[in-house]
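Engineer: The following block contains the structure, expressed as C-alpha cells.
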Amino acid sequence: MSDTQTTKGNFYITTTLPYVNAEPHLGHAMEFIRADVVARYKKIQGFDVFFNTGTDEHGMKLYEGAKKEGKTEQEYVDFYAGKVKELLKLMGISEEVNFIRTTDEKHIQATKAFWNKVSENGYIYKKNYKAKYCVGCEEEKTDSDLVDGKCPIHPNRELEIIEEENYFFKYSAFEDRLTKFYESNSTFVIPDFRLNEMKEFVRHGLQDFSISRLKTKMPWGIEVPGDPDHIMYVWFDALVNYIATLGYPDLEGDFKKYWIEGETVQYCGKDNNRFQSSMWQAMLMSADLPNTNHVIIDGFITGEGGVKMSKSLGNVANPKDLIAEYGTDALRYFVLREVGAFEDSPFTEERFKASYNSGLANGLGNLVSRVMRMATSNGVVLNGKISEELKQSDLVKAFYEKQNKGFASYNLQIATEAVWDLISFADKYIQDNQPFKTIKVDKEKGERELGELLAYLDIIAENLLPILPETASKVSNYVKNGIMPEAPLFLRKE
Ligand SMILES: [Zn+2]
C-alpha cells in the first residue's frame, strides 16, 4: 500500500521455514494455511501486511541427504524448495507471500551481520566441548533428554559425538530477562499452556549452546564471520530469516515498519516452541532487537488414535494427494474447522471425507445451489439495502462477534465455525419459511425471503474470503450477478 493511504497499522506474520529434506507434510500445510488465513483477514481488515515463509536449507541432515542422493547440496535444496513452492500454490496461499531461502545471499549477509552484533555485545565465546548431537533434530542432547541412550524422537539414529572447539551462545545470560518477558506478556505464546511450558523450561535453567561446527566436519552452512574454519549452527542461521526477510541489518525500511512499529506474529508447531519462544527471543535480546509479539503454537496432526504419522506405519497423509482428490478448499477447510485449534488432532481419510461431505458438499455447496436456483428461477436479485439492514441484525452481530473473537485469540476453528453458523441458519431459514412455496401464493413475501437469503449468502461469501478464497470468489460472483452455478461447488464423495 502507498504511504498516502491510512491503514489500521502494520502487521507481520511468518510461518517457520520447513527443513527441505522431504516433501512438506500435512502439519506444514496446516501451518501455511493458517498463517495465510490470518494474513488475508488482517489485510481485509485494513492492516498493511507482511507475510513471510520460505525454506531452511542448511545443516547436517541436508548435507547427508544430498550425499545419499548423489546430488550437490545446492541441487538437493533447490529440488525440495521447489516442492514447497509448488505446495504453496496448490494450497491457495496468497501470491503476496514473501518467500525467503536460507541460501539466499540476502539471508546469508543478514545472518553474518547478526552474528557480529551478538559477538560485539559479548554473547558469543569459544570453548572446547564434547556433546551428543541428534542429526534428526539438528540439536544437542543432554543425558536427561535421552531414552535408552537415544533421542526419543529419532530412536533409530545413532547420536553423533561432537568433540571440538566451537563458538557458544551465552543463553544462560537471558534467564531473568526471558522470565520477566513471559511474566509481563501473558499472550506472548498462544495458547497459554504453551507459555507455561516455556516458563518451566527457563525456570530449570538455560545452558549455553554451541552455535558453530568445524567446517571440516560440516561444510554445508554459513561461515562464521572472520573465522572461515567454522560454520554456523543451522538453527542460529535459520532463525535470523524472520528479520532478514525485512531487510535486517538495515534498521530502517521494512524492518522498522513491521518489526519495530508493527505487530509481529510467528506460527509454529509444538515441537518448535523452545526454538521460537525461547532461543530466538534470547537471540533477539542479545542483538538489542525487539521481541516477537506473539508465537502461535499448533498441535500435531496425528494418525488414528493419536499415534505419530510415519512412513513405516503407512499412515502419512500427503497434502498434495488430498488436494488432487478433494480440492484446495477441502484441505483448507479440514485444517481450519476439523483440526483442533491448538490440541493434537487425528487425521484419517474417513474423517477428512466426512468433514468434506458435511461441511462443504451438504453444507456450503448445497446451500449455494438451493438459494441460487430459487433466486434465478424467480428472477430475484440481491438487494443491497436488505443486506445493510441484515448487518445490523442480532444474528449477524453475533456472527461478527464470534469471528472477531476467533481471530483475536488465533483460534481459527472458532473463526471458521462462525461462518458455518450462518450457513446452518440459512438452511434452517429455508426449512422454516419454504420460500419456494411462499412465492407461489404471496409473491411479495416470497421475493422478500429470497432476497434475505441472497443477502445471507453475500455475507457468507464476504467472510469466507480469507478462509476459502477460491470458493468465496465463486459464491460472490453467483450472488452479485444472479448466476446459477453450472455444477455443484463440491461433489459429494461416496
Ligand atoms: Zn532427534
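Engineer: Between helix 105-120 and the chain, what is the angle of the helix's C-alpha long axis to the longest principal axis, kept within 0 to 90° and rounded to the nearest 10?
Structural biologist: Value to nearest ten degrees: 50.
Engineer: Helix 366-377 versus the longest principal axis of the chain: what is the Cα-based angle in degrees, 0 to 90, to the nearest 10?
Structural biologist: 40 degrees
Engineer: From Cα pairs below 8 angstrom and at least 6 apart in sequence, can you work out the relative contact order of region 418-494, rounded to a whole percent?
Structural biologist: 22 percent
Engineer: If the chain between LYS150 and ARG177 were fully stretched, how many nm would it gain, using 0.36 nm times the residue separation less the Cα-Cα distance?
Structural biologist: 6.5 nm
Engineer: Can you list the trypsin sites (Lys or Arg not before Pro) in region 184-285 that are in a DSSP coil and have 15 or fewer other beta carbons within 10 angstrom?
Structural biologist: Passing both the DSSP loop test and the Cβ count: LYS217.
Engineer: Which angle between 0 and 90 degrees, to the nearest 10, do you get for helix 26-45 versus the longest principal axis of the chain when only C-alpha atoms count?
Structural biologist: 60 degrees
Engineer: Further, regarding this structure: Would you mind calculating the relative contact order of the chain from Cα pairs under 8 angstrom and at least 6 residues apart, reporting the percent as a whole number?
Structural biologist: After rounding, I find 15 percent.
Engineer: Now a separate question. Could you order the peptides 438-444, 352-358 from most to least packed, using the average number of other C-beta atoms within 10 Å per residue? Mind dumping the intermediate values first?
Structural biologist: On the way: 438-444: 12.4, 352-358: 18.0.
Ranking, from highest mean packing down: 352-358, 438-444.
Engineer: Grab the Cα-Cα distance for THR348 and THR72, subtract it from 0.36 nm times how many residues apart they are, and report the gain in nm with one decimal.
Structural biologist: Details: separation 276, 0.36 × 276 = 99.36 nm, distance 3.70 nm.
Value of the extension gain: 95.7 nm.
Engineer: OK, next. Mind checking which of LEU382, TYR356, TRP420 is farthest towards the positive end of region 349-481's charge dipole, using Cβ charges of +1 (Lys, Arg) and -1 (Asp, Glu) about the Cα centre?
Structural biologist: Selected residue: LEU382.
Engineer: Past the 26 angstrom mark, what percentage of all C-alpha to C-alpha distances in region 252-396 do you count? It would help to have the intermediate numbers written out before the result.
Structural biologist: Details: 5675 of 10440 pairs.
So the portion of pairs separated by more than 26 Å is 54 percent.
Engineer: Further, regarding this structure: How large is Rg/Rh for region 349-481, to two decimals, with Cα atoms and a Kirkwood Rh?
Structural biologist: 0.98
Engineer: Then there is this: Between ASP208 and ILE161, how high is the FRET efficiency from 1/(1 + (r/R0)^6) when r is the Cβ-Cβ distance and R₀ = 25 Å? Nearest 0.05.
Structural biologist: 0.85
Engineer: For a quick check of your reading of the filter: which GluC sites (Glu not before Pro) in region 319-421 sit in a DSSP loop and have no more than 16 other Cβ atoms within 10 Å?
Structural biologist: Working: sites: GLU325, GLU338, GLU343, GLU349, GLU350, GLU388, GLU389, GLU401, GLU417; in loops: GLU343.
Listed in order of number, the matching sites are GLU343.
Engineer: Here is a follow-up. With the calculation restricted to Cα positions, what are the radius of gyration and Dmax of region 10-298 in angstrom?
Structural biologist: Over region 10-298's Cα set, Rg and Dmax evaluate to 18.3, 54 Å.
Engineer: Based solely on its DSSP helices, what 222 nm [θ] is calculated for the chain when runs of n ≥ 4 H residues each add -39,500 (n - 2.57) and the sum is averaged over all residues, nearest 500 deg cm²/dmol?
Structural biologist: Result for the chain, helices only: -14000 deg cm²/dmol.
Engineer: Suppose R0 equals 35 Å. What FRET efficiency, 1/(1 + (r/R0)^6) with r the Cβ-Cβ distance, do GLN431 and LYS89 give to the nearest 0.05? Working shown, then result.
Structural biologist: Working: r = 40 Å, r/R0 = 1.13.
In this case the efficiency is close to 0.30.
Engineer: Viscosity 1.567 mPa s, temperature 4 °C: what is the translational diffusion coefficient of the chain from Stokes-Einstein with a Kirkwood Rh over Cα pairs, rounded to a whole number of µm²/s?
Structural biologist: So the translational diffusion coefficient is about 52 µm²/s.
Engineer: Which of the peptides 423-430, 218-225, 21-28 is most tightly packed, and how do the rest follow, going by the mean number of other Cβ atoms within 10 Å of each residue?
Structural biologist: Ranking the peptides 423-430, 218-225, 21-28 by packing returns 218-225, 21-28, 423-430.
Engineer: I've got another one for you. If we count other beta carbons within 10 Å of each Cβ, what is the order of HIS294, HIS230, HIS58, HIS204, fewest first? Before the final figure, lay out the partial values.
Structural biologist: On the way: HIS294 17, HIS230 24, HIS58 28, HIS204 9.
Placing the least packed residue first, the sequence is HIS204, HIS294, HIS230, HIS58.
Engineer: Further question on the same structure: Between the DSSP loop rule and a limit of at most 15 other Cβ atoms within 10 Å, which GluC sites (Glu not before Pro) in region 132-196 are left?
Structural biologist: Counting only loop positions with at most 15 other Cβ atoms within 10 Å, the GluC sites (Glu not before Pro) in region 132-196 are GLU158.
Read-outs throughout are calculated quantities, based only on the coordinates presented, and are distinct from any laboratory measurement. What you see is a predicted model; the values in this text were computed from it and never measured. Positions of Cβ are backbone-derived with ideal geometry, glycine not excepted, and every protein chain shown enters the neighbour counts.
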